Each structure stands twice: as C-alpha cells, then as structure tokens.
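Below is one structure, written out as structure tokens; the observations come after it.
Bear in mind these aren't lab numbers, they're just calculated from the coordinates by the rules spelled out. Note that the structure is predicted; figures quoted are calculated from it, not measured. Ideal geometry is used to build each Cβ from the backbone, glycine not excepted, and the neighbour counts take in all protein chains shown.
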Ligand SMILES: NC(=O)c1ccc[n+]([C@@H]2O[C@H](COP(=O)([O-])OP(=O)(O)OC[C@H]3O[C@@H](n4cnc5c(N)ncnc54)[C@H](OP(=O)(O)O)[C@@H]3O)[C@@H](O)[C@H]2O)c1
C-alpha cells in the first residue's frame, strides 16, 4: 500500500510517499480501505516533533481520523462486516505513529470505529472524531450543573465549533469568538454572541465558564469569573489560585458510544462541520503547507 510517512522531523518536505506492506488485521481488528483522513494540528505537531511525551523517531505514520470501507475482518470482531462504511479515531497518543491514517489501508481496532450513517459523505465524516470527542469531553470536564454562560474561543475551528453547538444543545448561553472574517460561520452555529477575534473576550463581563479551544491563554484567563471554570485544549498558564478558578486541560479519549452519537448528530444536521479543501494523499506535504499558512475555513482532508 501507499502511505505518507514522516521520514524526517521538521518541515512539510519530511512527509514522503512510500510503499509499505499491506497491514493484516489481527484479532479484534478490521482492515480499512481509507477513503478520507483529516489533517489535524496534532499531525503537524508530530511532524515537527513537538508533542507530549517527546518526538516520535521517524519514520512514522501521522493521522488520527479516518473514514473508509471495511475490506477484511479479523477474529473476534462483531458488529462490523466487510463492505461497511465506517469512521473512527486512531488513538495516536497510544499508537504514536505505528498505526496512522495517512495510508491506503489501516488495520484498526474495531473499537475505534463506528458505522457512517447513510447519506453522510466519508470526507465530511472524517472531520468529526477527534474534534467532536474533544469538545464532548471538555464539556463533560466542565461539569456545569445548570445552564450558564459559556465563552468558547475559536468556534470557527473544529473543537470550538462542535463545543459551541453541544453547549447550546445543553441549554447554555454561548458567547463564541471567531477568527477574522469567519464571524458568519460562527453566527450560523446559533451562538448567542459572536466575538470578533480582535475584540476583548471579557467585554461582556466575567464568564462563569470558559472553554479555551484555540487556546488563547491569557485573554481567556482574564475573561473567566473568579470561582468559575476554565478548560483549555492545551496547557496554558495557571490562573492565580486566589481566584478559585477550577482549571483543567482536556485530553481526548476513545468513546465509541459518544462517537456514534456525535457522527449521527453531524449526519442529521444537529452538529455542523466543514471541509476547506481535499488533497490527494500523495500531496500530504502540500496539505501541511496549506494548513500552516492558516486562515482555513474548515478542515483539510487527504484522499488516498
Ligand atoms: N487536548 C486534546 O485532546 C486535543 C484534541 C484536539 C485538538 N486539540 C488542540 O485544540 C486546538 C484546536 O484544534 P482544532 O482542530 O479545533 O483547530 P482548528 O480547526 O485549526 O481551529 C482553530 C480555530 O481557532 C481560530 N483562532 C486562532 N486564534 C484565534 C484567536 N486568537 N481568536 C479567535 N479564533 C482564533 C483559528 O483561525 P485561524 O486559522 O484563522 O487562525 C481556527 O478557526 C489545537 O491547539 C489542537 O492541538 C487538543
């Protein structure tokens, strides 16, 4: 099979298209013919070698979120069959590139995957797992006992956009920041107030709950109310302890029932996602360059 591996740490040119032996599904695994794999900030971080736990020595396979078709089934797999369209999250924090999505074939644990609902494009489905599961988990971590005002940063992005919708559906009032010239998309999420990127996050007064999805760090710390809750997607500075802010960093985790529900919500329009552009797998380096140029309107997706 063809795969785009990181052969040297550093710039996008370190991504190389290579021929690898076809993986064979072990017990509990299925073989997936990948139709779409999402490009995430975590892939770029792995490529440059700046990830929690330290750099992974090349060569390794990037890629968390895959959608495709089951083409073979290992022993002891129930509930998934050959021909089924599935989407899922490779837990890259565990595989650290020994298994990754930038490939034509992936031997994936059946537990990582859920069926794609009829009518949902695999390219769109591939934008869902990592970001939606992170958003879900962040809100769970916040553990807000009753509807409150939640400030979400970067709702123009994957995690922030999913979190904003999920928070609205949970009954919260959502104020959300958008990147420059992307306020319309964030407004279309149905949030109560759209905050332009250049505006003061604290302008509406201290927020009882802040999800710093970007994360922006200091402006989010300034916006959270004393005694409130602040969750970020990466570590940020600690809040002054005298302010009694409950502060946490979300870490995605595999959750098949939650993934199934989240993918279903995208299929029926309760959650919104968007694809900025697709690239052939052979142009993975080009896709990384496009990602690093910034100001995307949605996700980049590789097509093997
Ligand atoms: N801890 C975990 O388990 C976990 C899981 C998934 C993701 N993450 C992290 O979460 C973060 C978001 O990931 P993502 O996939 O959602 O990224 P994304 O889709 O690129 O979204 C980020 C969004 O924030 C916008 N933005 C950047 N700076 C901003 C600012 N100052 N004010 C308002 N908006 C701003 C970006 O716009 P521009 O592109 O125009 O700058 C983009 O629209 C990343 O740091 C990622 O590594 C963590």
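Adding -39500 (n - 2.57) for every DSSP H run of four residues or longer, then dividing by how many residues the chain holds, sets the calculated 222 nm ellipticity at -7000 deg cm²/dmol.
When the chain is treated as a Gaussian network with alpha carbon springs shorter than 10 Å, the biggest mean-square fluctuation among 95, 278, 242 belongs to 242. Of the Cα atoms belonging to the chain, the radius of gyration and Dmax stand at 19.2, 57 Å. Note on the chain: GNM, Cα springs under 10 Å; of 200, 65, 111, the largest mean-square fluctuation is that of 200.
The C-alpha atoms of the range 31-95 occupy a region whose extents along the principal axes are 37, 23, 18 Å, arranged from largest to smallest.
Please label the shape of the range 52-157 as rounded, prolate or oblate, based on the square roots a ≥ b ≥ c of the eigenvalues of the alpha-carbon gyration tensor (a/c under 1.5 means rounded; beyond that, a/b larger than b/c means prolate, else oblate).
Oblate, since a/c reaches 1.5 and b/c is not below a/b.
Mean separation of Cα pairs under 8 Å and 6 or more residues apart, divided by the residue count, gives the range 130-249 a relative contact order of 22 percent.
Please say if the range 199-269 is rounded, prolate or oblate, where rounded means a/c under 1.5 for a ≥ b ≥ c the square roots of the C-alpha gyration tensor eigenvalues, and otherwise the choice is prolate for a/b larger than b/c and oblate otherwise?
Numbers: a/c = 2.63, a/b = 1.90, b/c = 1.38.
Judged from the Cα gyration tensor, the range 199-269 comes out prolate (a/c at least 1.5, a/b above b/c).
When the chain is treated as a Gaussian network with alpha carbon springs shorter than 10 Å, the biggest mean-square fluctuation among 73, 18, 263 belongs to 18. A simple spin-label model places the labels of residue 50 and residue 297 2.8 nm from each other, with each point 7 Å out along Cα-to-Cβ.
Would you mind getting the Kirkwood hydrodynamic radius of the range 3-63 from its Cα pairs, rounded to one decimal in Å? List each step's numbers first, then the result.
Values: mean 1/r = 0.0777 Å⁻¹.
Averaging 1/r across every pair of different Cα atoms and inverting gives 12.9 Å.
Among 279, 60, the ranking by other beta carbons within 10 Å of each residue's beta carbon, starting with the fewest, stands as 279, 60. Normalising the average separation of contacting C-alpha pairs (under 8 angstrom, six or more residues apart) by the number of residues puts the relative contact order of the chain at 19 percent. Shape descriptor for the range 107-156: Rg over Rh equals 1.08 (Cα atoms; Rh from the Kirkwood inverse mean 1/r). Based on C-alpha pairs under 8 angstrom that are at least 6 apart in sequence, the range 186-243 has a relative contact order of 30 percent.
Can you work out the base-10 log of I(q)/I(0) for the range 1-113 at q = 0.10, 0.13, 0.23 1/Å, using the Debye formula on its C-alpha atoms alone? Relative scattering, expressed as log10 I(q)/I(0), comes to -0.27, -0.45, -1.23. Summarised in one figure, the compactness ratio Rg/Rh of the range 168-221, Cα atoms and Kirkwood Rh, is 0.93.
What ranking of 156, 98, 232, 187 emerges when the number of other C-beta atoms within 10 Å of each C-beta is taken as an exposure proxy, fewest first?
On the way: 156 29, 98 10, 232 23, 187 14.
Going from least to most buried by this count: 98, 187, 232, 156.
What's the Kirkwood radius of the range 130-249 in Å, using all Cα pairs?
Working: mean 1/r = 0.0733 Å⁻¹.
For the range 130-249, the Kirkwood estimate is 13.6 Å.
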